[in-house]
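The values are calculated or read from the model by the stated rules, or taken from the named source; none is laboratory data. All of these numbers come straight from a predicted model, not from anything done at the bench. A quick note on method: Cβ atoms are made from the backbone with ideal geometry, for glycine too, and the neighbour counts reach across all protein chains shown.
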Amino acid sequence: MTTHSTYLYGIPSSSDLDVLETQIRHAFDTITLPPNGGPLRLKPLAGSVLRLIFHDCGGPSEGNIGPISKCDGCIELDDFAEHQNLGFRAVDPLDDIYLNSTYQWNTKLSRADFWAFAATLAIKHTRDEAEDNDILPNIPIFFGRKDCSTSPDVDDTITQTKPFPSGIAGWQSSFNWLHTNFGFNQEETVAILGAHTIGRTHPDDSGFNGPWVRPWGTFDNFYYQQIINGAWQQRETPNLLLKEWAESDEPRFIMLNVDIALWRNLDAVFVPNDCSGAVSCGSNITQCPINSITRDIVEGFADDNQLWLNKFVPAFIKMITAGYDIDCDLIAVNQNGMDSSYWRKKRKCSKKKRKLYKRKESLFLDLLSSEKDEDKDLLLLCSIFGNILIVFVVCSLCCYIQKDKTYQTVMIASSGDDIEY
């Protein structure tokens with residue numbers, strides 16, 4: 001386990017990022033998660049990594065000092081119900097890459113940056129499974145997040161944990177949490193919950209059981225279509241303690257109250273004094289009133305996948321940079337270089353932060369320069385070799401011509417002709 005409280009790293013080179021991306025994508029394609037983690041074609045690890053980044057970035061700052069939420073490579077792993085089994089479902093598989101790789105990624109980027117990079121790839125990788133022609137907007141790779149001193153496990157003797165949104169909650173409770181902890185507005189809240197489209201629940205984790213949608217290894221808007229079109233009914237969870245929603249003709253797939261509440265106003269129909277999430281219209285969803293606050297947003301996302309992608313990405317970026325000034329604390333890069341849409345904003349930062357940014361930027365540009373220098377050296381060698389080859393060919397040709405002239409002169413002279421060649 002690495003321990004550090006300040007940012008100790010430079011920025012991986014673009015070639016390093018290519019290698020790291022390959023390793024993480026390979027993990028998404030080859031790692032299944034016990035028990036009953038789901039077939040590999042549905043990318044079970046990708047969904048777990050998204051769950052991890054939500055709980056990392058939605059968690060408290062170390063010592064509860066600073067931002068209310070902060071991505072710091074730390075979650076509470078010790079008997080904390082909200083993070084049940086996140087260790088073996090996400091942290092351990094990622095640490096197999098982060099700590100044990102011969103590339104020693106733990107010396108090149110913080111765990112917080114690494115988790116965020118993996119979560120970004122989870123979106124991109126499952127988006128690649130989609131058969132539509134819609135385009136995922138650019139998600140830059142951000143560097144500069146700081147790990148807590150005991151990463152990846154929160155030290156609960158100095159940091160007090162906080163509750164996360166409940167799966168049995170209605171709209172208002174969910175929105176209040178996401179607005180308070182991430183600054184999401186109503187549209188961003190509806191958009192970010194669409195990430196459930198590549199996830200599944202486990203009885204051993206949350207008590208709920210099943211994936212949200214049929215094609216749950218594909219990042220698209222089917223989640224919203226299911227919410228609207230499904231013949232949902234409440235049923236008891238396997239542990240008999242909570243309520244979840246399922247269709248009678250397809251009981252393998254579920255929705256939680258927090259999902260259904262995007263479309264139906266469950267806050268108005270909760271059964272009083274009930275802790276399971278039961279609603280009075282649970283036997284027939286059409287009897288539940290419409291959520292007038294979010295109805296148009298859900299319908300828009302269900303009808304237009306590109307619209308949802310366009311709204312999801314800014315919300316996702318806001319989440320994975322929680323606790324930082326995106327313009328002054330972090331450096332945004334693409335694998336081809338600096339992301340100019342972000343670094344141009346640095347001029348508004350404080351003098352101290354501009355100086356820190358310049359130092360980080362210099363490290364990154366040095367890496368790029370080093371890679372370019374290697375390319376230049378290769379080109380120079382090729383050029384020298386090419387010039388030598390050209391000289392050799394020209395000299396050989398000249399020698400051939402000279403020999404040919406001498407031969408013809410001799411032949412002419414021997415024939416008695418007075419003409420010199």
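Sub-7 Å Cβ pairs linking a first residue in the stretch 140-151 that is in contact (Cβ under 8 Å) with a residue 40 or more places away in the chain and farther than 16 Å from LEU17 by Cβ to a second residue that is surrounded by fewer than 24 Cβ atoms within 10 Å (Cβ to Cβ) and among the aromatic types (Phe, Trp, Tyr), at least 6 apart or interchain, are LYS146/TYR7, ordered by first then second residue. Exactly one residue out of SER174, SER206, SER280 is at pLDDT 95 or above, buried (at least 16 other Cβ atoms within 10 Å of the Cβ) and of a type in the set (S, T, N, Q): that is SER174. Checked against the criterion of being crowded, with 20+ Cβ neighbours inside 10 Å, closer than 25 Å to HIS125 by Cβ and under 21 Å from the mean Cα position of the chain (by Cα), the stretch 246-262 has no qualifying residue. How many of the residues in the stretch 85-119 are assigned to a helix (DSSP H, G or I), closer than 13 Å to ILE24 by Cβ and of a type in the set (A, V, I, L, M)? Of the residues in the stretch 85-119, 6 are assigned to a helix (DSSP H, G or I), closer than 13 Å to ILE24 by Cβ and of a type in the set (A, V, I, L, M). In this structure, VAL258 does not satisfy being at pLDDT 95 or above and touching a strand residue (DSSP E or B) at 6+ places or on another chain (Cβ under 9 Å). Restricting to the stretch 47-70, name every residue that is assigned to a helix (DSSP H, G or I), more than 18 Å from PHE114 (Cα to Cα) and of a type outside the set (S, T, N, Q). Selection gives GLU62, GLY63. Every listed requirement among (1) assigned to a helix (DSSP H, G or I); (2) in contact (Cβ under 8 Å) with a residue 60 or more places away in the chain; (3) more than 20 Å from ILE198 (Cα to Cα) is met by GLU82 save one, (3).
Within the stretch 218-245, being more than 15 Å from LEU193 (Cβ to Cβ) and either crowded, with 21+ Cβ neighbours inside 10 Å or touching a strand residue (DSSP E or B) at 6+ places or on another chain (Cβ under 8 Å) (or both) holds for GLY230, ALA231, TRP232, GLN233, GLN234, ARG235, GLU236, THR237, LEU242, LYS243, GLU244.
Condition (residue is of a type in the set (Asp, Glu), more than 20 Å from SER48 (Cα to Cα) and surrounded by fewer than 15 Cβ atoms within 10 Å (Cβ to Cβ)) applied to the stretch 122-131: is it met by at least one residue?
yes
Any residue that is out of contact with any Cys (no Cβ under 8 Å at 6 or more places or on another chain), under 30 Å from SER13 (Cβ atoms), surrounded by 19 or more Cβ atoms within 10 Å (Cβ to Cβ) and at pLDDT 95 or above - is there at least one of those in the stretch 150-159? The answer is no; no qualifying residue exists. Restricting the stretch 22-49 to residues that are out of contact with any His (no Cβ under 9 Å at 6 or more places or on another chain) and modelled with pLDDT of 90 or more, the residue that is surrounded by the most Cβ atoms within 10 Å (Cβ to Cβ) is VAL49. Just checking, which of ALA81, ALA116, ALA90 is touching a Ser or Thr at 6+ places or on another chain (Cβ under 9 Å), surrounded by 18 or more Cβ atoms within 10 Å (Cβ to Cβ) and farther than 23 Å from ALA332 by Cα? The unique qualifying residue is ALA90.
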